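The values are calculated or read from the model by the stated rules, or taken from the named source; none is laboratory data. The shown structure was predicted, so the numbers you read here are calculated from the model rather than taken from an experiment. Reconstructed Cβ throughout: ideal geometry from the backbone, glycine too, with neighbour counts over all protein chains shown.
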């Protein structure tokens, strides 16, 4: 109950906000495990060291909690390719590094991927999720286009496919890989690698590849 | 209670099965409206002319109902492109007809699309849905490849992209369009048309298009 004591009377202060973030990070684990529909403040408390009362003190309701979870999720995902994008390398090295990273992210980070698939599907039924989903979408969309642009730049050429279709094609590929991986398909990761390499060829065709 | 009277004592008979199908078709509407997580036998009864008892007579539990709903859904979707695939036409006419059909299916059939996105995401959390989702996946996968193969055949060429990636790319495109459409984006359908045409060019490149 120490947490409550240090923040009581300071509901909008930085400590209160810090505790919310800490709880949201813990809640992400529950969200990844149970999915949006079955996640509740009670379930979050049950899966954490905190009481239902404490969780409820920091979050007015499920929507409030989900928004904070999405903010944590954004923070976890936003720099997923930042090191690869920043490092100087050849187009070929860059492409290999991206394929490696996306494979790693599916095989070790699939619970986070499924949070995203879950939230965006639920937002088709529940308009309250719309802004949170839009903010995540923008991040993934921007990251995809940064990767495409950087690869084209390193290869000294221009992308043949625009950002919207580049995103949709990559998204379809990764979602299929996550689904296969979760269902125990041992071909999921090899197929993802092949698919990602093909997408690079399609989106940024190089003369020596054609 | 007429329904119960005519089938009592004949639980595995054709009449019993016919009533199950009839109820499953009604249940699809609830599933499309509320999503998997919020759909229950009680909710189905509430949205139909039948009592909870009648629904429960025909379905042992939610899993049983969902399986029958998926069967109805399969039946509704399996022939979605059959007429276009069967008709003799030029490659160009075929492509235009497919783009028209997929646009129509998003703008008028988006509730059914979202059932599919919902079920496949929920199957990432609940293994009980796996076989139903796999059967729907196979259908969509096969339909995509039939369309690609037929277009290539009419154009007198071969696809440049295999079935797995063709499916993933189309899936990403259509899911994005459904999401935009549901959220009231008036550019959803024009973007889908442009994207579908680009995908045809990518998957089956024609000499006179390059």
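Of note:
- Filter result (under 18 Å from residue A:132 (Cα atoms) and surrounded by fewer than 20 Cβ atoms within 10 Å (Cβ to Cβ)) within segment A:48-68: A:60, A:61, A:62, A:63, A:64, A:67
- Of all residues making up segment A:188-210, the number that are surrounded by fewer than 14 Cβ atoms within 10 Å (Cβ to Cβ) and out of contact with any helix residue (DSSP H, G or I) (no Cβ under 7 Å at 6 or more places or on another chain): 4
- If you go through segment B:77-111 and keep only what is under 13 Å from the mean Cα position of the chain (by Cα) and part of a helix (DSSP H, G or I), you end up with B:77, B:78, B:102, B:105, B:106, B:108, B:109, B:110, B:111.
- Count of segment B:48-80 residues which are touching a helix residue (DSSP H, G or I) at 6+ places or on another chain (Cβ under 6 Å) and under 21 Å from residue B:200 (Cβ atoms): 0
- Boolean, residue A:40 is surrounded by fewer than 19 Cβ atoms within 10 Å (Cβ to Cβ), within 14 Å of another protein chain (Cβ to nearest Cβ) and in contact (Cβ under 8 Å) with a residue 12 or more places away in the chain: yes
- Only one entry of B:27, B:45, B:71 meets the criterion of being buried (at least 20 other Cβ atoms within 10 Å of the Cβ), under 20 Å from the mean Cα position of the chain (by Cα) and in a helix (DSSP H, G or I), and that entry is B:27.
- Scan of segment A:112-168 for residues that are within 22 Å of residue B:192 (Cα to Cα) and not in a helix (DSSP H, G or I), ordered by number: A:123, A:124, A:125, A:159, A:160, A:161, A:162
- Answer residue from segment B:141-157, given it is touching a helix residue (DSSP H, G or I) at 6+ places or on another chain (Cβ under 7 Å) and in contact (Cβ under 8 Å) with a residue 60 or more places away in the chain and is surrounded by the most Cβ atoms within 10 Å (Cβ to Cβ) among those: B:147
- Close pairs from segment B:124-137: first surrounded by fewer than 16 Cβ atoms within 10 Å (Cβ to Cβ), partner in a helix (DSSP H, G or I), Cβ under 8 Å, at least 6 apart: B:128/B:63; B:135/B:70; B:135/B:74
- Any chance residue B:20 is under 30 Å from residue A:35 (Cα atoms) and modelled with pLDDT under 90: no
- Residues being closer than 17 Å to residue B:74 by Cα, facing chain A (nearest Cβ under 8 Å) and without any contact (Cβ under 8 Å) to a residue 24 or more places away in the chain - total across segment B:100-122: 1
- The residues of segment B:168-210 that are within 23 Å of residue B:108 (Cβ to Cβ), at the interface with chain A (Cβ under 9 Å from one of its Cβ atoms) and within 17 Å of the chain's Cα centre (by Cα), listed by number, are B:170, B:171, B:172, B:173, B:174, B:175, B:176, B:177, B:178, B:179, B:182.
- Residue in segment A:178-199 that is more than 21 Å from residue A:143 (Cβ to Cβ), assigned by TED's automatic domain parsing to the domain that holds residue A:140 and touching a residue at least 40 places away in the same chain (Cβ under 8 Å) present: yes
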